[in-house]
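A quick write-up on the structure given underneath.
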Amino acid sequence: MDKCALTRSIIAQLEAELALQTEAALGSRSEATNEESRAEDKYDMRSQSAAYLAAGQARLATEIAASITAWKALSLRVFGAGEGIAAGAVVTLEADGRRAAYLMGPQSGGLEATDGESAATVVTVASPLGRQLVGRRVGDVVKIADRLGPVAHLIESVE
């Protein structure tokens, strides 16, 4: 898998989300400060609600911007044979003949990244799966919770 393409895919998704949240925050701020949103009586909360919404959207935009910075700073080194899993690794797990690829990332767990041919799901080091994978090597087995109980997954490759 092309880790650079995967990372570009993630950053593009985050930048699109940042633009959307920034636009939403500015719209909510505009509504909160608009003269027409002024309270008509003591029970009218339109302006205050819009201000709360704008603050939340601005906070989310700040978190997304921090994620973009973290992804841009991520080292995409090549992992050697027998080397332990760490941030920046693409890990392929196999269970019952099914394979799934995961990209160990700094933030934004759950995003789907694609390099045009293959896809990988972002897993953070702080997530339950990420904590199990860190330091493991090819050939190790991790157990992932399923609705029917834990399922053993073989670490097939680390790139």
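The values are calculated or read from the model by the stated rules, or taken from the named source; none is laboratory data. None of the values given here were measured: they were computed from a predicted structure. Please note: Cβ atoms are built from the backbone with ideal geometry, for glycine as well, and neighbour counts cover all protein chains shown.
Looking at the range 115-133 only, could you name the residues that are of a type in the set (Val, Ile, Thr) and crowded, with 16+ Cβ neighbours inside 10 Å?
Answer for the range 115-133, where residues must be of a type in the set (Val, Ile, Thr) and crowded, with 16+ Cβ neighbours inside 10 Å: 122, 123, 124, 125.
For residue 72, indicate whether it is basic (Lys, Arg) and in a strand (DSSP E or B).
Here the answer is no, as residue 72 does not meet what is asked.
What are the residues in the range 102-159 that are over 13 Å from residue 89 (Cα atoms), in a strand (DSSP E or B) and of a type in the set (Gly, Ala, Ser), if any?
Those that are over 13 Å from residue 89 (Cα atoms), in a strand (DSSP E or B) and of a type in the set (Gly, Ala, Ser): 113, 119, 145, 149, 152.
List every residue pair whose Cβ atoms sit under 6 Å apart, with the two residues 6 or more apart in sequence or on different chains, where the first one lies in the range 50-78 and is farther than 18 Å from residue 14 by Cα and the second, anywhere, is assigned to a helix (DSSP H, G or I) and not charged (D, E, K, R).
50/28; 50/32; 51/32; 53/28; 54/25; 54/28; 54/32
Quick one: would you say residue 12 is modelled with pLDDT of 85 or more and either surrounded by fewer than 17 Cβ atoms within 10 Å (Cβ to Cβ) or outside the structural domain of residue 103 (by TED's automatic domain parsing) (or both)?
Spelling it out, residue 12 is indeed modelled with pLDDT of 85 or more and either surrounded by fewer than 17 Cβ atoms within 10 Å (Cβ to Cβ) or outside the structural domain of residue 103 (by TED's automatic domain parsing) (or both).
Being at pLDDT 90 or above, surrounded by 13 or more Cβ atoms within 10 Å (Cβ to Cβ) and in the same structural domain as residue 123 (by TED's automatic domain parsing) is true for just one of 95, 61. Which residue is that?
On inspection, the qualifying residue turns out to be 95.
With within 21 Å of the chain's Cα centre (by Cα), among the small types (Gly, Ala, Ser) and loosely packed, with under 15 Cβ neighbours inside 10 Å as the only criterion, which of 105, 139, 82, 110 stands out? Steps first, please.
Numbers: 105 fails: loosely packed, with under 15 Cβ neighbours inside 10 Å; 139 fails: within 21 Å of the chain's Cα centre (by Cα); 82 fails: within 21 Å of the chain's Cα centre (by Cα).
Within the list 105, 139, 82, 110, the selection yields 110.
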